[in-house]
Every structure is written in C-alpha cells, then in structure tokens.
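Data block below; observations after.
The values are calculated or read from the model by the stated rules, or taken from the named source; none is laboratory data. Model, not experiment: these values are computed from the prediction. Cβ placement follows ideal geometry from the backbone for every residue including glycine, while neighbour counts extend to all protein chains displayed. Ligands, DNA and RNA are stripped out before the accessible areas are found, and what is left, the full protein with its side chains, is counted by its heavy atoms. Shrake-Rupley method; radii C 1.70, N 1.55, O 1.52, S 1.80 Å.
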Amino acid sequence: MIDRATVDKILDAARIVDVVGEFVTLRKSGVNYKGLCPFHDDRNPSFMVSPAKNICHCFVCGKGGTPAGFLMEHEQITYPEALRWLARKYNIEIVEKELTDEERQAQSERDSMFIVNEWAKDWFHQILKNDPDGIAIGKQYFRSRGIRDDIIERFQLGYAPQRRDALCTEATSKGYQKEFLVKTGLCIENERGIYDRYSGRAIFPWLNVSGKVVAFGGRVLDSRTKGVAQKYVNSPDSDIYHKERELYGIYQAKKAIVKEDRVFMVEGYTDVIAMHQAGIENVVANSGTALSIHQIHLLHRFTSNITLLYDGDEAGIHAAMRGTDMLLAEGMNIKVLLLPDGDDPDSFARKHSSEELKKFIDENQTDFITFKTRLTVQNTDDPVKRSEAIGGIVQSISVIPDQILRSTYITDLARRIGMKEQTLIAELNKKVGNNQQAQQPHHHTEGREADTLAADKSIYSPPSQGGAGGGSLLPSQGGAGGGSLLPSQGGAGGGSVGLVGPVAGSTIELLLLREIVRHGEEIIFDNVETDDGGTISLSVAQYIDYDLSQDGLQLSQPLYQQILSEAAAHSGEPGFKAETYFCSHPDPQVSQLATKLDIDRHQLGGRFVPKPQEDGLQQLIVNLVMTFRFNIVSARVKELERQMRSPDTSIEQQIQLLKEHKETKEIRDMLANRLGRELIV
C-alpha cells in the first residue's frame, strides 16, 4: 500500500499538461490548452486543460479530471495503478505503508496466488501452442469453433494435458507450493492425494479489470461431452476470486465499452470470443450465473447502457429476465435482443459477417419494457395472467430511479396495452411506496414522486415554532425546515444572492455540490451556542449535512450523498481542502463530478459563473438548502393534487388527501415567502 506522504508527493508533482500531453495533442489557448477529446469522437477541440487548476475537462462529454483521474479514465486503470504510473513518470520512489504481520501475510498469500495463476495461464497457453497433444487436441477444438490465432492470443486460451497430475508436477518442479495450487483451485486435494482440476480441457483464463488472472474455466472437448455432468468446470471462490464480482472478458472489453458507451451481455466464454472475432469488442459474459450488484457496479464504471444478447429459446428468455430489475434500479438503460431460435451469439456470429451482425443488432434490439410487454402481456388472453404480467412490468418500472423515464415508460405501456394511464400511475405509486418501505428508513430524496416524501408538518415547522425534526443546535433560532440551523434573519452575510426563483431539484443539488466541492471546509457558522451551553463551528458541508439529516433527508443520488458525507466527515481535519480532496478522489465518478463542478467556465473560455463573495457564502448556502426543501414540498403538493383528480380515488381517500394537501401547501407557502424575501426574483 502506498503511504500517504508518497501519495501527496506524487499528486504535487503531477502536472496535468504533461500527463494529458502524452495522449492528446494540445495547443495553447490563452492561459490554458485545448485539444480533441480522447473520450468521444471529437472534431472541434472541446477538451480544455487548465494548468492553474491542474485539471482537464471536456465540455461536450463531460469527462476529465486531475492527472490521476484522467489516467484512470483513459487507461481504464485503478487509482493505485494511476499513482504508480505518475510515480514512474516523475521518478518518485514508491514508499509502501508498513503492514502488520497479519496484513503482510494476507498480502503475501494473495500475491502468491496471483503469481501461480499467471504461471498457469502461460503454461496452459504454451501447451496449446507447442505440445503435440495441445496442438492436435486443444488447438483443433478452437479451430473447429472457427477461432483465429490472433483471438487465441488476445484471450490467452490454453489446453490442459489429460494426465491428472501434469500441472501439479510441473508447478512443484518450478518451486510453486502445493498450498497455493489448491487455494487457487488449480488442483484438488483429498484423501487420495492431489490432482489437476482441469485435465483434458480447453482453458479460458479469467482476467479481472486490471488484467490479473483471478480464475480459469475449463471445457470438456466435444468428443468427451456425452454423459459428462459438467461441460464446464470453473475455479472455486478464493481470496482473489469471487464469481459474483467478476465478468469474463471485462479486461479485453473495457476500452471498447467506454468508446461505444454500451456493453453487450452474453452467457458464455465462446459467445464473448465469437463477438470479438466479428469486430464487436464491448462484450462480457456472466457465464450462466445471475447478475449481482457487484457486477452491475463494475459495468456502471464504464457505461450506463447494456444490451442483453441471448439465444431465443426458453433458457435465453429466462436469462434475459434475470437481474433486470437490479439493472434498472441501478440506473442502467437496458435493451434486449433474442437471436433466432437455435442460435446463440457464438453460432450466429460465425454464420454472419461483421457488418451483418452489427446491422442485425441495431435493427432488432429493443428496450426492456417493450420486450417484456410483448413477451408477457401481448401473448395471453387470460385476464388473470394478463393482470399479473402488467403488475410485473409496472414493478420493473417502479425501480427505475429516473422519474422522467418512469413516466415515459408508463405512458408507452398504457398505449401498448390499451389501459388508462391513470390506473397504471396509481399502481406505480403503490409499488414505489412499497419499494421505499423496503429500503432503509428516512432515505428521502428530492424530486421523487410524492409517495416517497414526508408531508408531516413536524418536518417543516415554521420559524416561530423553532424548527422541528428533533435535536436542533439552535432551538431558539429554528429557521425554516425542521431542525435547521438557519438564523432568523437568514444569515449574517447580508445582501441578496443571485438565484432566480425556486430552482429545479437537480439544479439545486448540483449547486449545493458545487459549493461543497469549492468551499466545503470553510466555516460559515462560528461559535454557535448549543443546548448544553457549549459552542460549535460549522463548515459549509457540516451545515448542509446536519440540516438535512434532521429530517432524514438525503440527496437524490448515492454519488451526491457520498460527496456530502465525506466532506462533512473530513471538514474538521487539519489541512483538509475539499477542492483538492474530491478532484483527486480515488473513485473516478467522484473525481470527474468534482472536476466538472469545480471547473471555471470563464477561465476555460465558457460562460462566466460568479464566485460568491465571502460575506455572502453563508446566506447562499442557507438559501440553497431552503430551496432544496421547498422543491420537496412542492413536489408533494403536485402529487396530492394529481391523486385528488384521479377517478380511482375513493371519498375517504379524498378527505385524507384534502387534509394533507392543506397542511403541505401551508408549509410550501411559508417556505416560498421566506425565499421570496431573500432571493432576487
């Protein structure tokens, strides 16, 4: 592990112009540099590099970051790998953090397992290329599948000799310990001794996203498949391999996934390989297992768009259905393509040219909701089955985090099945509410549908009541918005802030995040008295975090909430500067967003965004938080009005809705009144 002092030294030495200049031709543009963006098909230079801020940013695709962040995105490497790249460039010696005996032993064992796997991969590959049996049996198998030599090299395919102790004998003769042969799963040990797991099989190495060999898949050759229970044998879980966290082909596909902004998901090894051979490289396989949340997060690092590409039989349809709600819930945009019955991606790709395959995919892939509607609703006349199918589709729509996309799908579904949209919306709201109840309590988010929002007056108490929501640091100064730290005069800074009206929810969140990144550590409430007679000082991030937490409110995206939480947690640390911390964050999603928020558009040749005056920062933050709350309450008012207009609402429900609407509208009007006095409209 690289120690903190060395990391700081590397980050201080790294110059963005030097690093980007390794990959992009840059030209001087005022005090900055510009060039063609390496992350999209850029014809007019839109990639700006700022030496002063030591960051880069594309104003078209939005990608960029610090030197480390740029390398992580461009080279598809991890944060530690980016640091090592920079250390080599600037001749900085890497000083590893001193590990405990337990850490050192665990690290040593993991390193040993990677070393053994790397040796085994090379050994299997050399057997395939040079051993008589490897050539006659193993290579002939790959030839029969139409796999070219260059693809064999790209995926480092191999062959395991039929002798049951061939690998074990060779490995131990080279000095590799039996302990790690067993721990990696290359060999099996029982009361009869130790023997090879993959003997007589074609070998498919699994490389993780960094290119390290974590596992193997072994396939029985065609002549031996009759009566064999397991056609494929895969490595067991180990300290370096967990099947629910890995995807076959991710290392070979990651750059193409980023370039195409899409990933194709297939079932097996040969499907991935056949697609590569056909010229489609942005493809991975989960090898017959259900998608896990870890695999989805891994893919989401590279793209939000996924196409499920399976054969058209019952098994293929079942595979297309598995894990789709998880994909939708994680914000992935899903398309589905079932190949003609009798074909899988491997056989279909071998029958068609690259152009024919690409054309077929473009013309036949469809969004998941349309696919599910055609498959389940439109194929039955049974009212009960039809109702169940519609409920299943609405459930899938309910997990989609993007409210606009949910609404679009509901409208499209109503049109397709000939049902009233209001009926589907009512069902959707029930399911969204059920989803929220199943999640952790108090996970409210801005701008979501009203059933996700609290409308209790205690959450939004008027200033005269001193706030509510419990635990206010300033009960006598309450402020609007449940436990808020807002002073009764709206802040000491004085002067109006140039915001126009109640800003849209997503805009408000980004404005809050911008101030957290730029000024998160700056104190805006100093020496404030608390209930116990003490005093406390609050930074920008701490104030926002505390104020929202009083009512269990969170920002709508996990990434946004992560930035807020980390800024609040680190604000009290000596030397902490939010701008540096987040722009150099090891998570590429965090660093990219922070860079985008931090970028000075005036400095980089774009529209000028004014920096708040020091004495106005407190009032700016207070107003942004209050507007955030205003948007939540406004969304609830609109949703209540929509529900009251619904013909499906009973008299009893109407009475309850009217009462809630009156209370919520009072809260909204109170917040609007305060915002109207403090904002320039």
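Numbers at a glance
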{"read-out": "Scope the stretch 568-584; condition touching a helix residue (DSSP H, G or I) at 6+ places or on another chain (Cβ under 9 Å), assigned to a loop (DSSP other than H, G, I, E, B) and free of Cβ contacts under 8 Å to residues at least 60 places away in the same chain; matching residues", "value": "571, 572, 576"}
{"read-out": "Restricting the stretch 176-221 to residues that are hydrophobic (A, V, I, L, M, F, W, C) and in a helix (DSSP H, G or I), the residue that is least open to solvent (accessible area, probe 1.4 Å)", "value": "181"}
{"read-out": "Yes/no for residue 506 being modelled with pLDDT under 85, open to solvent by 20 Å² or more (accessible area, probe 1.4 Å), of a type in the set (Gly, Ala, Ser) and in a helix (DSSP H, G or I)", "value": "yes"}
{"read-out": "Top-ranked residue in the stretch 38-47 [being of a type outside the set (D, E, K, R) and at pLDDT below 90; ranked as nearest to residue 587 (Cα to Cα)]", "value": "39"}
{"read-out": "In the stretch 227-246, residue surrounded by the most Cβ atoms within 10 Å (Cβ to Cβ) [restricted to those that are among the hydrophobic types (A, V, I, L, M, F, W, C) and out of contact with any Ser or Thr (no Cβ under 9 Å at 6 or more places or on another chain)]", "value": "233"}
{"read-out": "Hits in the stretch 247-268 (condition: modelled with pLDDT of 90 or more, crowded, with 22+ Cβ neighbours inside 10 Å and not hydroxyl-bearing (Ser, Thr, Tyr))", "value": "247, 249, 250, 253, 263, 264, 265, 266"}
{"read-out": "Unmet criterion (only one of (1) open to solvent by 40 Å² or more (accessible area, probe 1.4 Å); (2) in contact with a Lys or Arg (Cβ under 9 Å, 6 or more places away or on another chain); (3) not charged (D, E, K, R)) for residue 30", "value": "(2)"}
{"read-out": "Number of positions in the stretch 357-396 that are without any contact (Cβ under 8 Å) to a residue 60 or more places away in the chain, within 23 Å of the chain's Cα centre (by Cα) and over 30 Å from residue 277 (Cα atoms)", "value": "1"}
{"read-out": "Candidates 142, 124, 114, filtered to the one that is out of contact with any helix residue (DSSP H, G or I) (no Cβ under 9 Å at 6 or more places or on another chain) and of a type in the set (A, V, I, L, M, F, W, C)", "value": "114"}
{"read-out": "Complete set of residues in the stretch 40-85 that are open to solvent by 20 Å² or more (accessible area, probe 1.4 Å), in contact with a helix residue (DSSP H, G or I) (Cβ under 8 Å, 6 or more places away or on another chain) and among the aromatic types (Phe, Trp, Tyr)", "value": "79, 85"}
{"read-out": "Residues being outside any helix (DSSP H, G or I) and open to solvent by 30 Å² or more (accessible area, probe 1.4 Å) - total across the stretch 312-325", "value": "2"}
{"read-out": "Pairs where the first residue, in the stretch 620-646, is at positive phi and the second is surrounded by 23 or more Cβ atoms within 10 Å (Cβ to Cβ), C-beta under 7 Å, 6+ apart", "value": "none"}
{"read-out": "Members of the stretch 407-429 that are in contact (Cβ under 8 Å) with a residue 12 or more places away in the chain, open to solvent by 10 Å² or more (accessible area, probe 1.4 Å) and not in a loop (DSSP other than H, G, I, E, B)", "value": "409, 412, 416, 417, 422, 423, 425, 426, 427, 429"}
{"read-out": "Residues that are part of a loop (DSSP other than H, G, I, E, B), farther than 22 Å from residue 39 by Cβ and not hydrophobic (A, V, I, L, M, F, W, C), drawn from the stretch 255-298", "value": "267, 268, 286, 287, 288, 289, 292"}
{"read-out": "Test for residue 147: is it in contact with a Phe, Trp or Tyr (Cβ under 8 Å, 6 or more places away or on another chain) and either of a type in the set (A, V, I, L, M) or outside any helix (DSSP H, G or I) (or both)", "value": "no"}
{"read-out": "Qualifying position, being open to solvent by less than 40 Å² (accessible area, probe 1.4 Å), touching a Gly at 6+ places or on another chain (Cβ under 8 Å), of a type outside the set (Gly, Ala, Ser) and at negative phi, among 291, 299, 328", "value": "291"}
{"read-out": "Extreme residue, modelled with the lowest pLDDT, among residues of the stretch 272-288 that are crowded, with 21+ Cβ neighbours inside 10 Å and within 16 Å of residue 320 (Cα to Cα)", "value": "287"}
{"read-out": "Hits in the stretch 324-361 (condition: closer than 21 Å to residue 412 by Cα and of a type outside the set (Gly, Ala, Ser))", "value": "324, 325, 327, 328, 332, 333, 334, 335, 336, 337"}
{"read-out": "Failed condition for residue 604, given (1) at pLDDT below 85; (2) out of contact with any helix residue (DSSP H, G or I) (no Cβ under 9 Å at 6 or more places or on another chain); (3) farther than 30 Å from residue 68 by Cα; (4) not small (Gly, Ala, Ser)", "value": "(3)"}
{"read-out": "Flag for residue 396 being touching a Lys or Arg at 6+ places or on another chain (Cβ under 9 Å) and in a helix (DSSP H, G or I)", "value": "yes"}
{"read-out": "Cβ pairs under 8 Å, 6+ apart, first in the stretch 150-170 and within 13 Å of residue 199 (Cβ to Cβ), second open to solvent by less than 10 Å² (accessible area, probe 1.4 Å) and β-branched (Val, Ile, Thr)", "value": "158/203; 159/203; 160/203"}
{"read-out": "Some residue of the stretch 589-599 being modelled with pLDDT under 75, out of contact with any helix residue (DSSP H, G or I) (no Cβ under 8 Å at 6 or more places or on another chain) and not charged (D, E, K, R)", "value": "yes"}
{"read-out": "Selected residue (criterion: nearest to the chain's Cα centre (by Cα)) from residues of the stretch 156-175 that are surrounded by 15 or more Cβ atoms within 10 Å (Cβ to Cβ) and not in a loop (DSSP other than H, G, I, E, B)", "value": "158"}
{"read-out": "Test: residue 520 is surrounded by fewer than 15 Cβ atoms within 10 Å (Cβ to Cβ) and of a type in the set (Gly, Ala, Ser)", "value": "no"}
{"read-out": "Residues satisfying the stated conditions in the stretch 380-395, i.e. open to solvent by less than 70 Å² (accessible area, probe 1.4 Å) and closer than 22 Å to residue 329 by Cβ", "value": "389, 390, 391, 392, 393, 394, 395"}
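Yes/no per residue for (1) aromatic (Phe, Trp, Tyr); (2) open to solvent by 20 Å² or more (accessible area, probe 1.4 Å); (3) modelled with pLDDT of 90 or more; (4) not in a loop (DSSP other than H, G, I, E, B):
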site	(1), (2), (3), (4)
513	no, no, yes, yes
527	no, yes, no, yes
532	no, yes, no, no
537	no, yes, no, yes
544	no, no, yes, yes
547	no, no, no, yes
551	no, no, no, no
